[in-house]
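Peer 1: Mind looking over this structure? Questions follow.
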């Protein structure tokens, strides 16, 4: 369970790692479902026999699948903001896919608050430096600068 923080705690979190998720297996089933959802059936994702002939040695997850896992991994570990009404994904300033995630690999995410802006309107804009690690790999699957917005009542901001 993620810890709880207040708006007053936010400035002290800047530059700090605020969470590291548990390991999550990226299964071939997940990859196939993502292929169906996005209509991206490139053989390196969905054809294990053909993918064996590539430098990857087997199927790999879509980059956007690995990126989309950040949402669920964030729910595991990011602090719960006291008084938060809702939160939204605002986007990314940077995403780089550094290494492929092979089917069956385990990944986890580390989140560092790189910036936070508390606005009088009740919007709190968080910037996270995120690294999606692959178990037993020196290179991460991806690095990203992720921006989210948390809404609190204006009087709490």
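The values are calculated or read from the model by the stated rules, or taken from the named source; none is laboratory data. No experiment lies behind these values; they were computed from the predicted model shown. Quick reminder, even Gly has a Cβ in these numbers, built from the backbone with ideal geometry, and neighbours come from all protein chains shown.
Peer 1: Among all residue pairs at least 6 apart or on different chains, which show Cβ distances below 9 Å where the first residue, located in segment 122-141, is on the phi > 0 side of the Ramachandran plot and without any contact (Cβ under 8 Å) to a residue 40 or more places away in the chain and the second is crowded, with 21+ Cβ neighbours inside 10 Å and part of a loop (DSSP other than H, G, I, E, B)?
Peer 2: 136/105
Peer 1: Quick one: how many residues across segment 125-146 are crowded, with 17+ Cβ neighbours inside 10 Å and over 25 Å from residue 87 (Cα atoms)?
Peer 2: Residues in segment 125-146 being crowded, with 17+ Cβ neighbours inside 10 Å and over 25 Å from residue 87 (Cα atoms): 3 in total.
Peer 1: In addition: Mind checking which helices (runs of 4 or more DSSP H) fall wholly inside segment 1-110 and carry at least 3 residues that are touching a residue at least 24 places away in the same chain (Cβ under 8 Å) and surrounded by 13 or more Cβ atoms within 10 Å (Cβ to Cβ)?
Peer 2: 28-38, 63-77
Peer 1: Given the criteria out of contact with any helix residue (DSSP H, G or I) (no Cβ under 9 Å at 6 or more places or on another chain), buried (at least 19 other Cβ atoms within 10 Å of the Cβ) and in a strand (DSSP E or B), does residue 117 qualify?
Peer 2: For residue 117, the condition - out of contact with any helix residue (DSSP H, G or I) (no Cβ under 9 Å at 6 or more places or on another chain), buried (at least 19 other Cβ atoms within 10 Å of the Cβ) and in a strand (DSSP E or B) - is not met.
Peer 1: Could I ask something else about it? Is segment 148-155 home to any residue that is in contact with a strand residue (DSSP E or B) (Cβ under 6 Å, 6 or more places away or on another chain), over 20 Å from residue 5 (Cα atoms) and touching a residue at least 24 places away in the same chain (Cβ under 8 Å)?
Peer 2: The first filter runs over segment 148-155 and keeps only residues in contact with a strand residue (DSSP E or B) (Cβ under 6 Å, 6 or more places away or on another chain), leaving 148-152.
Retained after the next criterion (residues that are over 20 Å from residue 5 (Cα atoms)): none.
The answer is no, given that none of the residues of segment 148-155 is in contact with a strand residue (DSSP E or B) (Cβ under 6 Å, 6 or more places away or on another chain), over 20 Å from residue 5 (Cα atoms) and touching a residue at least 24 places away in the same chain (Cβ under 8 Å).
Peer 1: From the residues in segment 1-25 that are out of contact with any helix residue (DSSP H, G or I) (no Cβ under 7 Å at 6 or more places or on another chain) and over 21 Å from residue 118 (Cα atoms), which one is modelled with the lowest pLDDT?
Peer 2: Out of the qualifying residues, it is 1.
Peer 1: Further question on the same structure: In this structure, does residue 96 turn out to be at pLDDT 95 or above and within 10 Å of the chain's Cα centre (by Cα)? Full working, then the answer.
Peer 2: Values: at pLDDT 95 or above: yes; within 10 Å of the chain's Cα centre (by Cα): no.
So residue 96 does not fit the description; no.
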